[in-house]
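Structure first, then comments.
Every read-out reported here was derived from the displayed coordinates using simple, explicitly stated rules and does not represent laboratory data. Keep in mind that this is a model prediction, so the values were computed, not measured. In this analysis, Cβ positions are derived from the backbone assuming ideal geometry, glycine residues included, and neighbour counts consider all displayed protein chains.
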Amino acid sequence: MLIDSHHHLWKYDPAEYGWINDEMSVLKQDFLAPQLREIAGSNDIDGFVSIQARQIVAETRDLLKIAATEPLIRGVIGWVPFAEPDVASAIDEFADNGLLKGFRHVVQDEPDDRFLDGTDFNAGMRNLAGRDLVYDLLVFPKQLPAAIDFADRHPDIPMVLDHIAKPAIESANFDETWRRDFCELARRDHVSCKFSGVATEVRDPSWSIETLRPYWDVALEAFGTDRLMYGSDWPVCLLATEYTRWLDTVRELAAPLSNDEQENFFAGNATRAYRLA
């Protein structure tokens, strides 16, 4: 089994995806179910988890609509306005949809590094408790201290950290502050982690497996083979790598693991964390 725990879909519209700038021209096109099927067929992928890319409730509806007719999509992580008074009703809209696995907010783009301390946001987050829904954490390393406190405030909500918290990767400089805070977050048993979206964080002119290996080693040691999972961040990963190169690189990094450990990393952990069918 191979489950890609992190990918995006969109019908490209510059007004809807303003974060895609002129340096990201490869992303200025449609990435929908037909393209997903091509990726799956070329790489023997059994299923995907679709992750929100727009902060509007319509994004959740759109992803669920696609997932309803595309068997490759095993689950959806949508968006709701956690800081708004009507967040409970927004969540209730999707309560009976088994493909909805949780929600995410693009915290990395918030100007306040302590955004996750917000009273209204935390009040909204408490609506996830007891619903068997996951919250995906998307943060930069500078936001990890707030993420640690956030995880401590919500021990009853399963969380998944995206992209190992997006450290700035340079072969000549390893971010020890990232390591410290990342490993501290990993001590929370209700938090899992995706080894995804890593190549796009490389600041060197090019990257190789050896560029990424120190970050793999830290992630594996911190989260272990029971809470670390494979993800691609396709199509955003195309800014730094073709899909097959990324998958081959991660397979080589994971090669020393036992068969059972590899099964956990490449499928089992995502299946359990997101309750995938």
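Looking at the square roots a ≥ b ≥ c of the eigenvalues of the Cα gyration tensor of region 135-277, which shape do they give, rounded for a/c under 1.5, prolate if a/b is larger than b/c, or oblate?
On the way: a/c = 1.63, a/b = 1.16, b/c = 1.40.
Cα axes put region 135-277 in the oblate bin.
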Tensor-based shape of region 1-138 (alpha-carbon gyration tensor, a/c under 1.5 rounded, otherwise prolate or oblate): oblate
Charge dipole (the chain, unit charges on Cβ, about Cα centre) - positive-most of Leu36, Ser208, Leu99: Leu99
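Does region 58-111 come out rounded, prolate or oblate by the C-alpha gyration tensor, with a ≥ b ≥ c the root eigenvalues, rounded set by a/c under 1.5 and, if not, prolate when a/b is larger than b/c and oblate if not?
Values: a/c = 2.68, a/b = 1.49, b/c = 1.80.
Oblate.
Defining a contact as two alpha carbons under 8 Å apart and six or more residues distant in sequence, what relative contact order in percent does region 3-273 show?
Numbers: 462 pairs, mean separation 48.0, N = 271.
Relative contact order for region 3-273 comes out at 18 percent.
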Trypsin sites (Lys or Arg not before Pro) restricted to DSSP loop in region 47-143 with at most 16 other C-beta within 10 Å: Arg114, Arg131
Assigned charges on the beta-carbon of Lys, Arg, Asp, Glu; the chain dipole about Cα centre (debye): 360 debye
Sequence-distant residues sharing a close amide H with Val160 (under 5 Å, placed H): Tyr135, Asp136, Leu137, Ser192
Cα pair distances of the chain binned at 5 Å [whole percent]: 1, 6, 13, 18, 20, 19, 14, 8, 2, 0
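Given Cα pairs under 8 Å that are at least 6 residues apart, what percent is the relative contact order of region 46-148? It would help to have the intermediate numbers written out before the result.
Numbers: 154 pairs, mean separation 26.8, N = 103.
Once divided by the residue count of region 46-148, the mean separation gives 26 percent.
Helix-derived [θ] at 222 nm for the chain: sum -39500 (n - 2.57) over DSSP H runs of at least 4, divide by residue count, nearest 500?
Working: 10 runs with 99 residues, N = 277.
That calculation yields -10500 deg cm²/dmol at 222 nm.
List, in the order given, every pair from Lys65/Lys101; Lys11/Lys166; Lys28/Lys142; Lys28/Lys166; Lys166/Lys194 whose Cα-Cα distance in the structure shown is over 19 Å. Can you show the working numbers first?
Numbers: Lys65/Lys101 14 Å; Lys11/Lys166 25 Å; Lys28/Lys142 29 Å; Lys28/Lys166 22 Å; Lys166/Lys194 11 Å.
Checking Cα-Cα distances, Lys11/Lys166; Lys28/Lys142; Lys28/Lys166 exceed 19 Å.
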